[in-house]
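Beneath this line is the structure, given in structure tokens, with notes to follow.
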Amino acid sequence: MSRVELRGNGVLVAGATGGIGKVVARQLAERGAKVALLARPSERLERAVAELEGYGAIGVPADITDRGQVVDAANEAADRFGGLVGVVAGAGTVIPDTIGEQPEEDARKVIDVNLYGTLWTIQATLPHVDRTGGHLLALASISGITPVPLTGLYSASKAAVGELIAQLRMELMHRETTAGVVYLGMVDTQMSAGVKEDQRVDRALSSTPGGLTRPLKVEDAAKRVVHALEHRQRAVVTPVWQLPFAAPQLGMQALVETGMRATAIARELPGRKQRAPFDDAIEPDDDDGDRD
């Protein structure tokens, strides 16, 4: 399948003021893409857009948890750029706690941003990406495959993101549009630094071998995201040493996706070319006379 042509085409980045999203937006702009930065209205968004002003980037302010706002932002980006060839659904948040103790307000915030924010981004941009046969990419976490205690609902929400994209890939099997997910390890961002402010997490990390807790540089993580978008990758695990933890689940998903193409449900999915009925394939008889 052909690469996604970034140069001169529109790409929307959700969560564009976060540590990873901001760098992804810049790297995309440097590759020649027309980038729309989606994030809450704030001075941070204004500064991020200003930094990329020379590349023609635009800001499309929206509350990622509000479906209507996300739809409006996606429509604005598509209108301004004449379409979208790619999307990075990267909004995310983590609030450290135990499952048994996380307050309702915190739990709802994590689910709203990580799961619903990804879902609204996909739903809002899919019609535009479908017109170009582009690629939809979501950011998940390796903790969505190998859960990490004390991260509250974060691991569960990122597991849901991974499964959301796995299902979407199957639903796109008859269309040019593709979808993928990047499972990130810990990245050196403000969000990761905030997690370490929890004393329990900080003590645990301090007692763990550095090779297991050393965060990815944000520039390196962003490069993997941009590469995954351009090359239509279905699933990426970074850093690569964490791949063995994810391989069984990702391998099973790939097997199911392949087998699903031969099932009855595959015939019900949008974009499938309908075969002409057998009778229509028989050439009409021009003889109007009686038959024995």
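The values are calculated or read from the model by the stated rules, or taken from the named source; none is laboratory data. The model shown is predicted, which means the values in this text are computed figures rather than measured ones. Positions of Cβ are generated from backbone atoms using ideal geometry, with glycine treated the same way; all protein chains shown enter the neighbour counts. To get the accessible areas, we keep the full protein, side chains included, count just its heavy atoms, and leave off ligands, DNA and RNA. Shrake-Rupley method; radii C 1.70, N 1.55, O 1.52, S 1.80 Å.
Condition first: in contact with a Lys or Arg (Cβ under 8 Å, 6 or more places away or on another chain) and farther than 20 Å from Ala228 by Cβ. Now tell me which residues in the stretch 117-141 satisfy that.
Passing the criteria: Trp120, Gln123, Ala124.
Determine whether the stretch 122-135 contains at least one residue that is under 27 Å from Gln242 (Cα atoms) and in contact with a Ser or Thr (Cβ under 9 Å, 6 or more places away or on another chain).
Step one: filter the stretch 122-135 for residues under 27 Å from Gln242 (Cα atoms), giving 122, 135.
After this cut, where a residue has to be in contact with a Ser or Thr (Cβ under 9 Å, 6 or more places away or on another chain) as well, the list is 135.
Taking every residue of the stretch 122-135 in turn, at least one turns out to be under 27 Å from Gln242 (Cα atoms) and in contact with a Ser or Thr (Cβ under 9 Å, 6 or more places away or on another chain).
What pairs can you find where one residue is in the stretch 157-170 and in a helix (DSSP H, G or I), the other is β-branched (Val, Ile, Thr), and their Cβ atoms are less than 6 Å apart, with a gap of 6+ or different chains?
Listed pairs, sorted by first residue: Ser157/Val110; Ser157/Ile111; Val161/Thr118; Gly162/Val181; Ile165/Val181.
In the set Glu268, Glu230, Glu257, which member is closer than 30 Å to Arg7 by Cα, modelled with pLDDT of 90 or more and either loosely packed, with under 14 Cβ neighbours inside 10 Å or within 21 Å of the chain's Cα centre (by Cα) (or both)?
From the options Glu268, Glu230, Glu257, the qualifying one is Glu230.
Give the stretch 233-248 a look and list any residue that's open to solvent by less than 40 Å² (accessible area, probe 1.4 Å), at pLDDT below 95 and β-branched (Val, Ile, Thr), or say none.
Once the filter is applied, which keeps residues that are open to solvent by less than 40 Å² (accessible area, probe 1.4 Å), at pLDDT below 95 and β-branched (Val, Ile, Thr), the stretch 233-248 yields only Thr238.
Can you name the number of the only condition in (1) part of a helix (DSSP H, G or I); (2) open to solvent by less than 40 Å² (accessible area, probe 1.4 Å); (3) at pLDDT 85 or above that Lys223 fails?
(2)
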